[in-house]
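K.L.:
Could you have a look at this structure, given as C-alpha coordinates, before my questions?
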Amino acid sequence: MENGSTERWRVRVNERLNKTSETTIRGTLAKIIRNLNKDDPRPTVPLGHGDPSKFPCFRTTPVAEDAIVDAVRSAKFNSYIPSVGILPARRAIADYLSRDLPYALSADDVYLALGCNQAIELILTVLASRGANILLPRPGFPHYEARAEYLQLEVRHFDLNPEKGWEVDLESVEALADENTAAIVIINPGNPCGSVYTHQHLKKIAETARKLGILVIADEVYHHLTFGTNPFVPMGAFGSIVPVITLGSISKRWLVPGWRLGWLVTCDPNGILRKLGVVECIVGCIEMTSDPTTFIQGAIPHILEKSGEEFFSKTIDTLRVAACTCYDRIKEIPCIICPNKPEGSMFVMVKLNISSLEDINDDVEFCLKLAKEESVIVLPGTAVGMRNWLRVTFAIDLSTLEDGLERIKGFCQRHAKKK
(Lines give C-alpha, C1' and ligand atoms only; values in the text may rest on other atoms or scores of the structure.)
Protein backbone atom coordinates (compact mmCIF):
# COMPACT_ATOMS: atom_id res chain seq x y z
CA MET A 1 0.00 0.00 0.00
CA GLU A 2 1.40 3.40 -0.98
CA ASN A 3 2.25 5.91 1.77
CA GLY A 4 -0.22 8.44 0.38
CA SER A 5 -3.11 6.02 0.15
CA THR A 6 -6.16 6.54 2.37
CA GLU A 7 -7.43 2.97 2.10
CA ARG A 8 -6.00 1.76 5.41
CA TRP A 9 -7.34 4.64 7.49
CA ARG A 10 -10.68 4.20 9.22
CA VAL A 11 -11.33 7.88 9.79
CA ARG A 12 -14.84 9.04 8.91
CA VAL A 13 -16.01 12.64 9.11
CA ASN A 14 -19.38 14.03 10.12
CA GLU A 15 -20.76 14.93 6.70
CA ARG A 16 -23.64 16.87 8.25
CA LEU A 17 -21.14 19.60 9.14
CA ASN A 18 -20.32 20.30 5.50
CA LYS A 19 -23.99 20.48 4.60
CA THR A 20 -25.04 22.71 7.49
CA SER A 21 -22.10 25.12 7.21
CA GLU A 22 -23.08 25.91 3.62
CA THR A 23 -26.44 27.24 4.81
CA THR A 24 -24.98 29.85 7.19
CA ILE A 25 -24.59 33.52 6.36
CA ARG A 26 -20.82 33.20 6.61
CA GLY A 27 -20.80 30.24 4.23
CA THR A 28 -23.00 32.05 1.71
CA LEU A 29 -20.98 35.27 1.85
CA ALA A 30 -17.71 33.35 1.53
CA LYS A 31 -18.98 31.91 -1.77
CA ILE A 32 -19.87 35.38 -3.04
CA ILE A 33 -16.59 36.91 -1.89
CA ARG A 34 -14.68 34.27 -3.83
CA ASN A 35 -16.36 35.65 -6.96
CA LEU A 36 -14.91 39.15 -6.55
CA ASN A 37 -12.78 40.45 -9.40
CA LYS A 38 -9.30 40.89 -7.93
CA ASP A 39 -8.39 43.28 -10.73
CA ASP A 40 -11.11 45.78 -9.83
CA PRO A 41 -9.27 48.80 -8.33
CA ARG A 42 -12.36 49.98 -6.46
CA PRO A 43 -12.80 49.11 -2.78
CA THR A 44 -15.27 46.33 -2.02
CA VAL A 45 -18.55 47.58 -0.55
CA PRO A 46 -19.75 45.20 2.20
CA LEU A 47 -23.56 45.33 2.20
CA GLY A 48 -23.93 41.70 3.19
CA HIS A 49 -22.77 41.38 6.78
CA GLY A 50 -23.95 43.18 9.91
CA ASP A 51 -20.62 44.31 11.36
CA PRO A 52 -20.49 48.11 11.54
CA SER A 53 -17.49 48.12 13.88
CA LYS A 54 -15.09 48.42 10.93
CA PHE A 55 -16.28 51.97 10.29
CA PRO A 56 -15.19 54.92 12.48
CA CYS A 57 -18.76 56.26 12.68
CA PHE A 58 -19.73 53.06 14.52
CA ARG A 59 -17.06 52.91 17.21
CA THR A 60 -17.97 51.69 20.67
CA THR A 61 -17.99 53.96 23.69
CA PRO A 62 -14.69 54.68 25.50
CA VAL A 63 -16.50 53.52 28.65
CA ALA A 64 -16.49 49.97 27.28
CA GLU A 65 -12.89 50.14 26.08
CA ASP A 66 -11.66 51.47 29.43
CA ALA A 67 -13.65 48.83 31.30
CA ILE A 68 -11.87 46.07 29.37
CA VAL A 69 -8.45 47.61 30.05
CA ASP A 70 -9.22 48.00 33.75
CA ALA A 71 -10.47 44.41 33.99
CA VAL A 72 -7.30 43.06 32.39
CA ARG A 73 -4.99 45.18 34.53
CA SER A 74 -6.80 44.26 37.73
CA ALA A 75 -5.49 40.67 37.43
CA LYS A 76 -8.78 39.52 38.97
CA PHE A 77 -9.99 37.72 35.87
CA ASN A 78 -7.16 35.39 34.90
CA SER A 79 -8.50 32.18 36.42
CA TYR A 80 -11.16 29.61 35.59
CA ILE A 81 -14.67 30.72 36.46
CA PRO A 82 -18.11 29.12 36.98
CA SER A 83 -19.45 27.77 33.68
CA VAL A 84 -22.65 29.83 33.94
CA GLY A 85 -20.63 33.06 34.25
CA ILE A 86 -19.29 35.17 37.11
CA LEU A 87 -21.88 36.44 39.55
CA PRO A 88 -21.27 40.22 39.16
CA ALA A 89 -21.72 39.99 35.39
CA ARG A 90 -24.90 37.90 35.68
CA ARG A 91 -26.31 40.26 38.30
CA ALA A 92 -25.50 43.30 36.13
CA ILE A 93 -27.23 41.77 33.09
CA ALA A 94 -30.27 40.88 35.22
CA ASP A 95 -30.48 44.48 36.46
CA TYR A 96 -29.96 45.85 32.94
CA LEU A 97 -32.74 43.75 31.39
CA SER A 98 -35.09 44.31 34.33
CA ARG A 99 -35.31 48.01 33.47
CA ASP A 100 -37.72 47.11 30.66
CA LEU A 101 -39.70 44.42 32.49
CA PRO A 102 -42.69 44.52 34.88
CA TYR A 103 -40.81 42.19 37.25
CA ALA A 104 -37.22 41.83 38.44
CA LEU A 105 -34.81 39.24 37.11
CA SER A 106 -32.14 37.74 39.34
CA ALA A 107 -28.62 36.58 38.60
CA ASP A 108 -29.93 33.00 38.69
CA ASP A 109 -31.98 33.76 35.57
CA VAL A 110 -28.88 34.67 33.54
CA TYR A 111 -26.43 32.36 31.76
CA LEU A 112 -23.48 33.80 29.85
CA ALA A 113 -22.50 32.64 26.38
CA LEU A 114 -19.88 33.21 23.70
CA GLY A 115 -22.05 35.67 21.84
CA CYS A 116 -25.68 35.23 20.85
CA ASN A 117 -24.79 32.43 18.41
CA GLN A 118 -23.68 30.18 21.25
CA ALA A 119 -26.82 31.10 23.17
CA ILE A 120 -28.81 29.88 20.14
CA GLU A 121 -26.83 26.65 20.10
CA LEU A 122 -27.40 26.12 23.81
CA ILE A 123 -31.17 26.48 23.78
CA LEU A 124 -31.64 24.40 20.62
CA THR A 125 -29.49 21.65 22.13
CA VAL A 126 -31.62 21.73 25.26
CA LEU A 127 -34.85 21.41 23.25
CA ALA A 128 -33.63 18.80 20.74
CA SER A 129 -35.33 15.79 22.29
CA ARG A 130 -36.20 12.83 20.08
CA GLY A 131 -39.00 13.72 17.65
CA ALA A 132 -39.19 17.39 18.71
CA ASN A 133 -39.76 20.27 16.29
CA ILE A 134 -39.29 24.02 16.49
CA LEU A 135 -41.04 26.89 14.70
CA LEU A 136 -38.74 29.34 12.90
CA PRO A 137 -39.56 32.56 11.02
CA ARG A 138 -39.20 32.88 7.27
CA PRO A 139 -37.27 34.99 6.48
CA GLY A 140 -35.03 34.52 9.50
CA PHE A 141 -31.51 34.03 10.78
CA PRO A 142 -30.09 30.83 9.22
CA HIS A 143 -27.92 29.91 12.19
CA TYR A 144 -31.09 28.45 13.70
CA GLU A 145 -31.68 26.18 10.70
CA ALA A 146 -28.03 25.13 10.52
CA ARG A 147 -27.82 24.23 14.20
CA ALA A 148 -31.21 22.51 14.20
CA GLU A 149 -30.21 20.37 11.22
CA TYR A 150 -26.97 19.42 12.95
CA LEU A 151 -28.96 18.43 16.06
CA GLN A 152 -31.57 16.62 13.92
CA LEU A 153 -34.22 18.90 15.37
CA GLU A 154 -37.09 19.26 12.91
CA VAL A 155 -37.72 22.80 11.65
CA ARG A 156 -41.13 24.12 10.65
CA HIS A 157 -41.31 27.58 9.09
CA PHE A 158 -43.98 30.19 9.63
CA ASP A 159 -44.17 33.20 7.34
CA LEU A 160 -43.59 36.86 8.11
CA ASN A 161 -45.88 39.15 6.15
CA PRO A 162 -44.08 41.99 4.31
CA GLU A 163 -47.41 43.70 3.67
CA LYS A 164 -47.96 44.05 7.42
CA GLY A 165 -44.50 45.16 8.51
CA TRP A 166 -43.19 41.59 8.57
CA GLU A 167 -45.57 40.56 11.35
CA VAL A 168 -45.91 36.90 12.29
CA ASP A 169 -48.69 35.00 10.51
CA LEU A 170 -50.23 33.59 13.69
CA GLU A 171 -52.74 31.44 11.83
CA SER A 172 -49.91 29.58 10.13
CA VAL A 173 -48.20 29.17 13.51
CA GLU A 174 -51.26 27.45 14.94
CA ALA A 175 -51.52 25.22 11.88
CA LEU A 176 -47.87 24.16 12.12
CA ALA A 177 -47.67 23.30 15.81
CA ASP A 178 -48.39 19.85 17.20
CA GLU A 179 -47.74 17.85 20.37
CA ASN A 180 -44.01 17.66 19.52
CA THR A 181 -43.48 21.40 19.06
CA ALA A 182 -41.10 22.75 21.70
CA ALA A 183 -40.84 26.47 20.97
CA ILE A 184 -41.30 29.34 18.56
CA VAL A 185 -38.45 31.75 17.71
CA ILE A 186 -39.22 35.48 17.49
CA ILE A 187 -36.49 37.84 16.26
CA ASN A 188 -37.22 41.42 17.32
CA PRO A 189 -35.94 43.90 16.22
CA GLY A 190 -35.91 41.93 13.01
CA ASN A 191 -32.96 40.38 11.26
CA PRO A 192 -33.21 40.31 8.26
CA CYS A 193 -36.30 42.49 7.89
CA GLY A 194 -35.54 45.65 9.89
CA SER A 195 -38.95 45.33 11.54
CA VAL A 196 -39.94 46.31 15.09
CA TYR A 197 -43.02 44.66 16.58
CA THR A 198 -45.66 46.52 18.54
CA HIS A 199 -46.63 45.70 22.12
CA GLN A 200 -49.99 44.47 20.81
CA HIS A 201 -48.46 42.06 18.28
CA LEU A 202 -45.98 40.65 20.79
CA LYS A 203 -48.80 40.05 23.26
CA LYS A 204 -50.73 38.14 20.59
CA ILE A 205 -47.64 36.01 19.95
CA ALA A 206 -47.38 35.27 23.67
CA GLU A 207 -51.06 34.35 23.89
CA THR A 208 -50.76 32.08 20.85
CA ALA A 209 -47.72 30.34 22.33
CA ARG A 210 -49.56 29.85 25.63
CA LYS A 211 -52.53 28.38 23.77
CA LEU A 212 -50.20 25.92 22.01
CA GLY A 213 -48.26 25.12 25.18
CA ILE A 214 -44.87 26.08 23.73
CA LEU A 215 -41.99 28.31 24.84
CA VAL A 216 -41.01 31.55 23.16
CA ILE A 217 -37.34 32.01 22.26
CA ALA A 218 -36.87 35.77 21.93
CA ASP A 219 -33.81 36.69 19.88
CA GLU A 220 -33.19 40.29 20.95
CA VAL A 221 -29.59 40.76 19.91
CA TYR A 222 -30.64 44.07 18.31
CA HIS A 223 -32.47 45.26 21.43
CA HIS A 224 -33.06 49.02 21.56
CA LEU A 225 -31.64 49.55 18.06
CA THR A 226 -34.88 51.15 16.88
CA PHE A 227 -35.37 54.41 14.99
CA GLY A 228 -38.93 54.30 13.64
CA THR A 229 -42.37 54.72 15.17
CA ASN A 230 -42.36 51.56 17.31
CA PRO A 231 -40.23 51.45 20.48
CA PHE A 232 -38.47 48.25 21.47
CA VAL A 233 -40.61 46.02 23.70
CA PRO A 234 -38.90 42.93 25.16
CA MET A 235 -40.75 39.64 24.80
CA GLY A 236 -39.96 39.03 28.46
CA ALA A 237 -42.62 41.62 29.30
CA PHE A 238 -45.11 38.82 28.63
CA GLY A 239 -43.30 36.24 30.77
CA SER A 240 -46.34 35.91 33.01
CA ILE A 241 -48.35 34.74 29.97
CA VAL A 242 -45.79 32.32 28.51
CA PRO A 243 -42.25 31.24 29.52
CA VAL A 244 -39.69 33.23 27.52
CA ILE A 245 -36.06 32.44 26.82
CA THR A 246 -34.36 35.73 25.93
CA LEU A 247 -31.17 35.65 23.87
CA GLY A 248 -29.01 38.73 23.58
CA SER A 249 -25.52 40.20 23.67
CA ILE A 250 -23.50 43.40 23.76
CA SER A 251 -22.43 42.82 20.13
CA LYS A 252 -24.85 45.13 18.35
CA ARG A 253 -25.91 47.84 20.78
CA TRP A 254 -22.29 48.37 21.87
CA LEU A 255 -20.89 47.73 18.36
CA VAL A 256 -18.43 45.05 19.50
CA PRO A 257 -19.37 41.75 17.79
CA GLY A 258 -15.81 40.48 18.15
CA TRP A 259 -15.97 40.58 21.94
CA ARG A 260 -18.32 37.58 21.93
CA LEU A 261 -20.30 38.22 25.10
CA GLY A 262 -23.90 37.06 25.00
CA TRP A 263 -26.57 35.76 27.32
CA LEU A 264 -29.44 33.34 27.68
CA VAL A 265 -32.01 34.56 30.18
CA THR A 266 -35.08 32.80 31.57
CA CYS A 267 -37.94 35.32 31.77
CA ASP A 268 -40.36 33.16 33.68
CA PRO A 269 -41.85 34.67 36.86
CA ASN A 270 -44.12 31.62 37.24
CA GLY A 271 -41.17 29.22 37.42
CA ILE A 272 -42.47 26.93 34.68
CA LEU A 273 -39.09 26.39 33.04
CA ARG A 274 -37.57 25.15 36.29
CA LYS A 275 -40.50 22.77 36.87
CA LEU A 276 -40.16 21.38 33.35
CA GLY A 277 -36.44 20.69 33.86
CA VAL A 278 -35.39 23.23 31.23
CA VAL A 279 -33.20 25.19 33.65
CA GLU A 280 -31.41 22.07 34.83
CA CYS A 281 -30.78 21.06 31.22
CA ILE A 282 -29.44 24.52 30.35
CA VAL A 283 -26.92 24.26 33.16
CA GLY A 284 -25.92 20.76 32.08
CA CYS A 285 -25.41 21.92 28.51
CA ILE A 286 -23.31 24.90 29.59
CA GLU A 287 -21.06 22.58 31.59
CA MET A 288 -19.96 21.05 28.27
CA THR A 289 -19.24 24.32 26.42
CA SER A 290 -16.59 27.02 26.43
CA ASP A 291 -17.00 30.19 28.50
CA PRO A 292 -16.91 33.82 27.39
CA THR A 293 -13.56 35.46 28.07
CA THR A 294 -13.18 36.16 31.78
CA PHE A 295 -11.95 39.76 31.58
CA ILE A 296 -14.87 40.71 29.33
CA GLN A 297 -17.22 39.23 31.92
CA GLY A 298 -15.34 41.25 34.51
CA ALA A 299 -15.91 44.43 32.53
CA ILE A 300 -19.64 43.89 31.97
CA PRO A 301 -20.96 45.53 35.17
CA HIS A 302 -19.13 48.77 34.40
CA ILE A 303 -20.11 48.68 30.71
CA LEU A 304 -23.81 48.19 31.42
CA GLU A 305 -24.01 50.67 34.28
CA LYS A 306 -21.83 53.50 32.98
CA SER A 307 -22.40 53.67 29.20
CA GLY A 308 -24.04 57.03 28.56
CA GLU A 309 -27.21 57.85 26.66
CA GLU A 310 -25.21 60.14 24.39
CA PHE A 311 -23.38 57.13 22.93
CA PHE A 312 -26.61 55.20 22.30
CA SER A 313 -28.35 58.24 20.79
CA LYS A 314 -25.47 58.85 18.41
CA THR A 315 -25.65 55.25 17.19
CA ILE A 316 -29.42 55.47 16.69
CA ASP A 317 -29.14 58.78 14.84
CA THR A 318 -26.45 57.36 12.54
CA LEU A 319 -28.55 54.26 11.82
CA ARG A 320 -31.66 56.36 11.20
CA VAL A 321 -29.92 58.51 8.59
CA ALA A 322 -28.37 55.44 6.95
CA ALA A 323 -31.72 53.59 6.89
CA CYS A 324 -33.49 56.56 5.30
CA THR A 325 -30.72 56.96 2.74
CA CYS A 326 -30.81 53.26 1.93
CA TYR A 327 -34.58 53.23 1.52
CA ASP A 328 -34.65 56.35 -0.66
CA ARG A 329 -31.79 55.21 -2.92
CA ILE A 330 -33.22 51.71 -3.36
CA LYS A 331 -36.43 53.26 -4.69
CA GLU A 332 -34.32 54.66 -7.55
CA ILE A 333 -33.00 51.23 -8.55
CA PRO A 334 -34.87 49.43 -11.32
CA CYS A 335 -35.80 45.80 -10.63
CA ILE A 336 -35.68 46.20 -6.82
CA ILE A 337 -38.70 46.83 -4.60
CA CYS A 338 -38.51 47.73 -0.90
CA PRO A 339 -41.89 46.98 0.75
CA ASN A 340 -41.03 48.51 4.12
CA LYS A 341 -38.77 51.24 5.40
CA PRO A 342 -36.56 49.67 8.08
CA GLU A 343 -37.36 50.70 11.64
CA GLY A 344 -34.77 48.72 13.56
CA SER A 345 -31.70 46.48 13.54
CA MET A 346 -29.22 47.05 10.69
CA PHE A 347 -30.91 45.45 7.67
CA VAL A 348 -33.65 45.75 5.10
CA MET A 349 -35.20 43.09 2.87
CA VAL A 350 -35.82 44.04 -0.77
CA LYS A 351 -37.49 42.08 -3.54
CA LEU A 352 -35.89 41.39 -6.92
CA ASN A 353 -37.95 41.58 -10.08
CA ILE A 354 -36.05 38.81 -11.84
CA SER A 355 -38.29 38.96 -14.90
CA SER A 356 -36.92 42.43 -15.71
CA LEU A 357 -33.30 41.25 -15.81
CA GLU A 358 -31.32 39.68 -18.65
CA ASP A 359 -29.14 36.61 -18.02
CA ILE A 360 -29.91 36.52 -14.28
CA ASN A 361 -32.11 33.67 -13.10
CA ASP A 362 -32.30 34.13 -9.34
CA ASP A 363 -31.03 36.07 -6.32
CA VAL A 364 -27.88 33.96 -5.90
CA GLU A 365 -26.79 34.57 -9.48
CA PHE A 366 -27.59 38.27 -9.02
CA CYS A 367 -25.27 38.48 -6.02
CA LEU A 368 -22.48 36.48 -7.66
CA LYS A 369 -22.50 38.67 -10.78
CA LEU A 370 -22.83 41.86 -8.72
CA ALA A 371 -19.72 40.91 -6.76
CA LYS A 372 -17.76 40.13 -9.91
CA GLU A 373 -18.79 43.20 -11.87
CA GLU A 374 -19.22 45.87 -9.18
CA SER A 375 -17.30 44.61 -6.11
CA VAL A 376 -20.44 44.93 -4.00
CA ILE A 377 -21.35 42.17 -1.54
CA VAL A 378 -25.05 41.60 -0.84
CA LEU A 379 -26.66 38.60 0.82
CA PRO A 380 -29.09 36.64 -1.39
CA GLY A 381 -32.50 36.20 0.16
CA THR A 382 -32.26 32.44 -0.37
CA ALA A 383 -29.81 32.39 2.56
CA VAL A 384 -32.53 33.68 4.90
CA GLY A 385 -35.41 31.73 3.38
CA MET A 386 -36.71 34.15 0.73
CA ARG A 387 -35.83 33.28 -2.86
CA ASN A 388 -35.38 36.27 -5.20
CA TRP A 389 -35.07 38.71 -2.34
CA LEU A 390 -31.93 40.41 -1.00
CA ARG A 391 -30.82 41.37 2.50
CA VAL A 392 -28.98 44.68 2.52
CA THR A 393 -27.20 46.17 5.51
CA PHE A 394 -27.09 49.93 5.91
CA ALA A 395 -24.87 49.89 9.02
CA ILE A 396 -21.80 51.20 7.25
CA ASP A 397 -20.19 54.56 6.49
CA LEU A 398 -22.74 56.73 4.65
CA SER A 399 -20.52 57.55 1.67
CA THR A 400 -19.66 53.86 1.25
CA LEU A 401 -23.37 52.98 1.42
CA GLU A 402 -24.23 55.54 -1.26
CA ASP A 403 -21.37 54.30 -3.45
CA GLY A 404 -22.54 50.70 -3.12
CA LEU A 405 -26.16 51.50 -3.94
CA GLU A 406 -25.09 53.57 -6.96
CA ARG A 407 -23.08 50.59 -8.23
CA ILE A 408 -26.12 48.32 -7.77
CA LYS A 409 -28.21 50.81 -9.74
CA GLY A 410 -25.71 50.79 -12.60
CA PHE A 411 -25.56 46.98 -12.51
CA CYS A 412 -29.35 46.69 -12.74
CA GLN A 413 -29.48 49.19 -15.60
CA ARG A 414 -26.88 47.23 -17.57
CA HIS A 415 -28.69 43.94 -17.03
CA ALA A 416 -32.20 45.23 -17.67
CA LYS A 417 -34.09 43.53 -20.45
CA LYS A 418 -34.32 45.62 -23.56
CA LYS A 419 -37.85 46.76 -24.32
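K.L.:
For the structure I just gave you, tell me whether Leu153 is among the hydrophobic types (A, V, I, L, M, F, W, C), open to solvent by less than 20 Å² (accessible area, probe 1.4 Å) and under 23 Å from Gly213 (Cα atoms).
P.N.:
Values: among the hydrophobic types (A, V, I, L, M, F, W, C): yes; open to solvent by less than 20 Å² (accessible area, probe 1.4 Å): yes; under 23 Å from Gly213 (Cα atoms): yes.
Yes.
K.L.:
Would you mention how many residues in the stretch 361-419 are of a type in the set (Phe, Trp, Tyr) and in contact with an Asp or Glu (Cβ under 7 Å, 6 or more places away or on another chain)?
P.N.:
Summing the residues that are of a type in the set (Phe, Trp, Tyr) and in contact with an Asp or Glu (Cβ under 7 Å, 6 or more places away or on another chain) in the stretch 361-419 gives 2.
K.L.:
Pairs, please: C-beta under 8 Å, at least 6 apart or cross-chain, first residue open to solvent by less than 10 Å² (accessible area, probe 1.4 Å) and in the stretch 385-401, second among the polar types (S, T, N, Q) and not in a loop (DSSP other than H, G, I, E, B)?
P.N.:
Phe394/Thr325; Leu401/Thr325
K.L.:
Let me ask you something else. With the condition being within 26 Å of Glu305 (Cβ to Cβ), I'd like the helices (runs of 4 or more DSSP H) fully within the stretch 1-114 carrying at least 3 qualifying residues. Full working, then the answer.
P.N.:
Details: elements: 15-21, 25-33, 62-73, 87-98.
Output list reads 62-73, 87-98.
K.L.:
Separate question: Please tell me if Asp317 is of a type outside the set (Lys, Arg) and on the phi > 0 side of the Ramachandran plot. Spell out how you get there, then give the answer.
P.N.:
Details: of a type outside the set (Lys, Arg): yes; on the phi > 0 side of the Ramachandran plot: no.
Judged against the criteria, Asp317 is not a match.
K.L.:
Another question about this same structure. Return only the number of the condition from (1) in a helix (DSSP H, G or I); (2) outside the structural domain of Arg42 (by the TED database); (3) within 18 Å of Pro257 (Cβ to Cβ) that Thr318 does not satisfy.
P.N.:
Status for Thr318: all satisfied but (2).
K.L.:
Using beta carbons and a limit of 6 Å, which pairs, at least six apart or on different chains, have the first residue in the stretch 196-220 and on the phi > 0 side of the Ramachandran plot and in a strand (DSSP E or B) and the second one surrounded by fewer than 20 Cβ atoms within 10 Å (Cβ to Cβ) and among the β-branched types (Val, Ile, Thr)?
P.N.:
Sorted first by the residue in the stretch 196-220, then by its partner, the list stays empty.
K.L.:
Now a separate question. I need the full set of residues from the stretch 360-386 which are of a type in the set (Lys, Arg) and in contact with a helix residue (DSSP H, G or I) (Cβ under 6 Å, 6 or more places away or on another chain), in order please.
P.N.:
none
K.L.:
Given Gly85, Gly48, which one is at positive phi and crowded, with 18+ Cβ neighbours inside 10 Å? I'd like the intermediate steps shown before the answer.
P.N.:
Details: Gly48 fails: at positive phi.
Answer to the check: Gly85.
K.L.:
Same structure again: Considering the stretch 221-245 alone, what residues qualify as being in contact with a helix residue (DSSP H, G or I) (Cβ under 8 Å, 6 or more places away or on another chain), touching a residue at least 40 places away in the same chain (Cβ under 8 Å), closer than 26 Å to Ala175 by Cα and open to solvent by less than 10 Å² (accessible area, probe 1.4 Å)?
P.N.:
The answer is Met235, Gly236, Ile245.
K.L.:
Related question: If you check Glu145, Glu121, Glu163, which single one turns out to be open to solvent by 50 Å² or more (accessible area, probe 1.4 Å) and either farther than 23 Å from Cys281 by Cα or in a helix (DSSP H, G or I) (or both)?
P.N.:
Numbers: Glu145 fails: open to solvent by 50 Å² or more (accessible area, probe 1.4 Å); Glu121 fails: open to solvent by 50 Å² or more (accessible area, probe 1.4 Å).
Criteria check complete, one pass: Glu163.
K.L.:
Let me ask something else. Taking only the stretch 283-338 into account, find how many residues are hydrophobic (A, V, I, L, M, F, W, C), open to solvent by less than 40 Å² (accessible area, probe 1.4 Å) and closer than 30 Å to Ser79 by Cβ.
P.N.:
Selection size over the stretch 283-338: 7.
K.L.:
Any residue in the stretch 115-136 that is in contact (Cβ under 8 Å) with a residue 24 or more places away in the chain and closer than 19 Å to Glu174 by Cα sitting within a Cβ distance under 6 Å of a residue that is assigned to a strand (DSSP E or B) and open to solvent by 10 Å² or more (accessible area, probe 1.4 Å)? List the pairs, counting only those 6 or more apart or interchain.
P.N.:
Here the result reads Ala132/Ala182; Asn133/Glu154; Asn133/Arg156; Asn133/Thr181; Ile134/Ala182; Leu135/Arg156; Leu136/Val155; Leu136/His157, each pair linking the stretch 115-136 to a residue that is assigned to a strand (DSSP E or B) and open to solvent by 10 Å² or more (accessible area, probe 1.4 Å).
The values are calculated or read from the model by the stated rules, or taken from the named source; none is laboratory data. Remember, it's a predicted structure, so these values are computed and weren't measured experimentally. With ideal geometry, Cβ positions are generated from the backbone for all residues, glycine too; neighbour counts draw on all protein chains shown. When the accessible area is computed, the model is the full protein with side chains, heavy atoms only, and any ligands, DNA or RNA have been set aside. Shrake-Rupley method; radii C 1.70, N 1.55, O 1.52, S 1.80 Å.
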